[in-house]
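Peer 1: This is the structure, below, for whatever I ask next.
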């Protein structure tokens with residue numbers, strides 16, 4: 001019950017739809033530095049955790065401790081957004097679901113897809129349920145990632161998972177005619193979901209750039225918690 | 001012993017395994033002229049370090065028991081406890097921290113903050129012990145003390161401030177720059193005993209200036225005088241900085257960071273200077289006891305030699321002259337010939353012989369005054385006992401001791417071994433509160449319990465070596481527990497009439513899960529059960545917790561609420577109500593859906609990056625949950641939670657999977673419900689054991 005309530009409060013549910021998150025291949029959250037890409041990705045991951053699925057969070061920019069803090073904060077924001085939830089119940093639920101998230105940090109220079117493949121193979125070897133969602137935070141889309149993305153595509157086909165990335169855009173770069181930052185434009189065909197976060201006065205606007213036929217929908221989010229705001 | 005307590009330091013040296021604690025202590029003893037030759041931990045001559053006095057310690061290159069020693073430096077008396085780094089011996093660390101005033105936290109300049117550093121840090125927090133950090137092994141490939149300083153902030157939340165900069169790192173590590181004195185120091189001579197002061201190398205001057213600026217920014221928070229001097233750009237004296245660092249360190253609000261390489265004899269002397277300058281003396285620390293004659297109110301102990309004595313026994317050893325009891329004196333003075341009272345059992349003890357320890361050698365003294373650490377011979381007591389002068393009745397607060405999680409059956413090979421084994425077990429259980437032993441009455445086996453495989457392995461080995469007690473060991477067993485998952489009622493009447501006085505008692509109520517070990521609530525009204533029988537009911541329930549009804553594991557997490565009952569004016573007795581409670585427990589227990597709880601261990605593996613996937617695979621195969629894996633340079637650190645039952649023999653498996661390049665630590669985390677398949681397997685094994693016994 002609480003799980004469903006929390007999913008309904010999620011900005012990921014509001015913008016993309018919780019079930020829709022893994023219904024595709026690559027997804028991206030775009031924004032300039034410091035707007036809230038990682039926070040939004042955490043919300044995407046939390047919706048899957050709340051559906052009792054496993055999540056693999058790979059970061060090339062944060063430490064494990066920081067990732068853990070971000071998930072704790074993300075969950076707290078959802079709980080607080082509901083209003084009154086018995087602290088013990090909330091804590092017990094968090095105790096149950098947080099173990100379904102595995103955080104891995106890699107040095108950006110040494111990161112490669114084979115390392116993830118090794119790890120996922122060990123799930124198969126031990127006959128364990130595989131993660132359904134993989135978050136990759138911190139890949140530099142200003143460099144040529146064609147080979148890596150093609151390897152990742154193969155990986156997600158082999159293991160039946162869906163991958164969401166963070167993509168950093170830059171203030172001084174113009175958007176293309178579809179409103180896409182250049183980082184997304186380069187790999188347009190690989191991504192079937194994309195949410196662009198932009199600051200709008202004292203709020204954050206989440207613009208759905210790609211989601212099947214649903215495009216250009218806009219939602220306002222609280223900049224501190226990323227929780228959906230009333231329009 | 002020095003009576004001016006401002007010139008006394010009681011310090012510990014703590015760190016993760018293999019960070020070089022014992023190596024550093026060996027240098028400290030050499031530079032303070034306590035020893036005249038440095039022996040390496042795994043030295044080629046096979047001598048081993050002085051502080052690793054146990055044969056086994058020398059062989060394995062690990063410290064098992066904490067050794068105590070003292071030395072003099074710069075006209076100060078320094079008592080040092082070298083503590084084990086392996087988590088299985090954590091109780092040794094806990095005991096030391098309880099009686100120390102300050103700690104030197106050693107960190108490896110390559111591996112940085114490791115799992116055991118985190119455990120040690122938590123223990124320091126628990127006992128509010130101030131610390132300074134020493135980033136060791138700066139001569140190693142991949143050394144990065146600045147990264148380690150940052151990790152101290154990020155991982156442990158310390159306000160870490162570099163007070164030194166390295167002059168060269170890895171194989172080019174030559175010395176250190178002191179940011180307080182703004183001088184360079186090099187270490188010459190065969191054993192680095194000659195500390196040479198020089199100008200800061202020109203190429204490092206800018207870095208040193210910037211680092212000093214940063215250090216002053218951080219340190220000035222602890223001194224108005226220094227802040228004023230910085231703001232007014234007035235002259236900043238060494239004393240101003242040192243006084244501010246000392247204030248911040250003692251308040252546990254900053255951790256000054258020093259660096260060097262103990263193995264290469266670099267920068268140990270400046271660290272000793274820092275111990276004197278920044279770690280507290282006994283007068284800086286407020287110690288409390290509880291007054292047993294005054295409602296257990298807290299009393300502050302004063303390091304006044306003329307006040308009644310208060311001393312804490314923090315470690316026991318069985319030596320050739322009987323029991324050796326290590327004490328820290330907090331108030332007054334413990335003198336040879338004194339009569340003290342053990343506040344636990346109020347027994348009088350006469351102090352026959354007092355000594356000061358230097359690893360396994362002793363030095364007789366006439367008195368151990370407040371603020372000092374010493375040892376007494378021939379006093380029978382337990383670890384954690386408080387000794388006081390006859391005119392007061394104080395007790396120091398007990399130390400935090402964990403329950404054992406693993407057990408092993410041991411069988412002596414012959415009669416002689418049986419006698420020696422008893423002697424050994426008697427000594428070990430007195431020395432180490434986390435090591436326990438009992439005889440399983442059903443099988444007749446002697447069972448030993450401890451904190452991990454290595455913990456028990458070491459004791460079995462010590463039995464063989466020190467007591468010639470050859471024993472064979474059984475399979476290690478996990479300390480499972482049982483608990484209930486739902487509320488269930490009971491209404492049980494115990495009635496017996498077998499001639500003579502009968503027995504009658506009825507209890508009614510319910511049991512439900514709780515976070516506590518056991519709770520008992522009495523809601524009986526109207527004298528349905530007379531008040532004098534209520535404790536007997538509680539006793540009856542408590543008695544059932546020792547062994548669960550079906551699987552015979554200890555039962556925890558049960559709250560019993562007694563609501564109603566009945567008694568008979570003649571036939572009711574305490575015995576009858578205890579039996580009624582037992583019946584009530586059995587009636588409700590199975591209805592309350594009991595489950596098996598298994599110990600879950602926090603397992604941290606440090607492995608070269610190329611084996612990260614393989615190591616994570618090993619965890620997955622063991623029902624483990626990987627909480628995170630982090631690449632740090634060429635190494636990866638994998639943190640996970642794994643059931644203890646799946647960890648037996650893991651060290652061998654890890655070695656073969658990583659060509660011996662990975663290491664792991666394991667410590668108890670929590671009890672969690674075992675999955676159904678595992679619970680069924682345990683029940684099956686238990687049933688087979690029972691059947692075998694009955695044959």
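Peer 1: Given the options A:72, A:107, name the one that is in contact with a strand residue (DSSP E or B) (Cβ under 6 Å, 6 or more places away or on another chain) and over 16 Å from residue A:7 (Cβ atoms).
Peer 2: A:107
Peer 1: When the residues of the range A:126-159 are filtered to those that are assigned to a loop (DSSP other than H, G, I, E, B) and within 19 Å of residue A:24 (Cβ to Cβ), which remaining residue is farthest from the other protein chains (Cβ to nearest Cβ)?
Peer 2: So the residue we want is A:141.
Peer 1: Of everything in the range A:52-71, what is over 15 Å from the mean Cα position of the chain (by Cα) and more than 22 Å from residue A:19 (Cβ to Cβ)? Give them in sequence order.
Peer 2: Matches in the range A:52-71: A:63, A:64, A:65, A:66, A:69.
Peer 1: Going by what's in this entry, would residue A:116 be described as modelled with pLDDT of 85 or more, under 20 Å from the mean Cα position of the chain (by Cα), within 29 Å of residue A:188 (Cα to Cα) and not in a loop (DSSP other than H, G, I, E, B)?
Peer 2: So residue A:116 fits the description; yes.
Peer 1: Considering the range B:534-589 alone, what residues qualify as being surrounded by 16 or more Cβ atoms within 10 Å (Cβ to Cβ) and part of a strand (DSSP E or B)?
Peer 2: Within the range B:534-589, B:555, B:558, B:559, B:560, B:561, B:562, B:563, B:565 meet the criteria.
Peer 1: For the range A:52-70, which positions are at the interface with chain B (Cβ under 10 Å from one of its Cβ atoms) and more than 21 Å from residue B:613 (Cβ to Cβ)?
Peer 2: A:65, A:66, A:68
Peer 1: Follow-up. For residues that are more than 9 Å from chain B (Cβ to nearest Cβ), touching a residue at least 40 places away in the same chain (Cβ under 8 Å) and closer than 15 Å to residue B:630 by Cα, tally how many sit in the range A:71-125.
Peer 2: Total satisfying the criteria: 1.
Peer 1: Quick check, is residue B:227 in a helix (DSSP H, G or I) and under 30 Å from residue B:26 (Cα atoms)?
Peer 2: When the stated conditions are applied, residue B:227 does not pass them.
Peer 1: Looking at A:192, A:158, A:202, which is the one that is more than 15 Å from the chain's Cα centre (by Cα), more than 15 Å from residue A:35 (Cβ to Cβ) and surrounded by fewer than 17 Cβ atoms within 10 Å (Cβ to Cβ)?
Peer 2: A:158
Peer 1: Do you know which residues across the range B:599-614 are within 9 Å of chain A (Cβ to nearest Cβ), touching a residue at least 24 places away in the same chain (Cβ under 8 Å) and out of contact with any strand residue (DSSP E or B) (no Cβ under 7 Å at 6 or more places or on another chain)?
Peer 2: Listed by number, the list holds a single entry, B:614.
Peer 1: Would you say residue B:185 is surrounded by 14 or more Cβ atoms within 10 Å (Cβ to Cβ) and either touching a strand residue (DSSP E or B) at 6+ places or on another chain (Cβ under 6 Å) or more than 25 Å from residue B:29 (Cβ to Cβ) (or both)?
Peer 2: Spelling it out, residue B:185 is indeed surrounded by 14 or more Cβ atoms within 10 Å (Cβ to Cβ) and either touching a strand residue (DSSP E or B) at 6+ places or on another chain (Cβ under 6 Å) or more than 25 Å from residue B:29 (Cβ to Cβ) (or both).
Peer 1: Right, something else. Give just the number: which of (1) buried (at least 17 other Cβ atoms within 10 Å of the Cβ); (2) at pLDDT below 90 does residue A:133 not satisfy?
Peer 2: Every listed condition holds for residue A:133 apart from (2).
Peer 1: For the range B:177-187, give me each residue that is outside any strand (DSSP E or B) and within 13 Å of residue B:261 (Cα to Cα).
Peer 2: Those that are outside any strand (DSSP E or B) and within 13 Å of residue B:261 (Cα to Cα): none in the range B:177-187.
Peer 1: Would you confirm whether or not the range A:29-51 contains a residue that is within 14 Å of chain B (Cβ to nearest Cβ), assigned to a loop (DSSP other than H, G, I, E, B) and touching a residue at least 24 places away in the same chain (Cβ under 8 Å)?
Peer 2: The answer is no; no qualifying residue exists.
Peer 1: So which residues in the range B:141-182 are more than 29 Å from residue B:251 (Cβ to Cβ), within 14 Å of chain A (Cβ to nearest Cβ) and touching a strand residue (DSSP E or B) at 6+ places or on another chain (Cβ under 7 Å), if there are any at all?
Peer 2: none
Peer 1: Please state which of the following conditions residue B:653 fails to meet, knowing it meets all the rest: (1) within 14 Å of chain A (Cβ to nearest Cβ); (2) surrounded by 15 or more Cβ atoms within 10 Å (Cβ to Cβ); (3) at pLDDT 85 or above.
Peer 2: (2)
Peer 1: Could you go through the range B:673-695 and let me know if any residue there is within 24 Å of residue B:117 (Cα to Cα), buried (at least 16 other Cβ atoms within 10 Å of the Cβ) and touching a strand residue (DSSP E or B) at 6+ places or on another chain (Cβ under 6 Å).
Peer 2: No, the conditions are met nowhere in the range B:673-695.
Peer 1: Out of the residues in the range B:131-176 meeting the condition of being without any contact (Cβ under 8 Å) to a residue 12 or more places away in the chain and outside any helix (DSSP H, G or I), tell me which one is surrounded by the fewest Cβ atoms within 10 Å (Cβ to Cβ).
Peer 2: Across the range B:131-176, the extreme among qualifying residues is B:157.
Peer 1: Mind telling me which of the residues B:259, B:216 ends up being modelled with pLDDT of 90 or more and under 21 Å from residue B:138 (Cα atoms)?
Peer 2: B:259
Peer 1: Looking only at residues that are in a loop (DSSP other than H, G, I, E, B) and buried (at least 19 other Cβ atoms within 10 Å of the Cβ) in the range B:434-449, which one is nearest to the chain's Cα centre (by Cα)?
Peer 2: B:434
Peer 1: Any residue in the range B:333-352 that is outside the structural domain of residue B:392 (by TED's automatic domain parsing) sitting within a Cβ distance under 9 Å of a residue that is in a strand (DSSP E or B)? List the pairs, counting only those 6 or more apart or interchain.
Peer 2: none
Peer 1: Separate question: Those residues that are assigned to a loop (DSSP other than H, G, I, E, B) and under 18 Å from residue A:115 (Cα atoms), I need them from the range B:616-660; list them, please.
Peer 2: Hits for the range B:616-660 are B:633, B:634, B:658.
Peer 1: Here's another thing I want to ask about it. Those residues that are closer than 17 Å to residue A:110 by Cα and within 7 Å of chain A (Cβ to nearest Cβ), I need them from the range B:615-642; list them, please.
Peer 2: Selection gives B:629, B:630, B:631.
The values are calculated or read from the model by the stated rules, or taken from the named source; none is laboratory data. What you see is a predicted model; the values in this text were computed from it and never measured. Because the Cβ atoms are built from the backbone with ideal geometry, glycine has one as well, and the counts that use them run over all protein chains shown.
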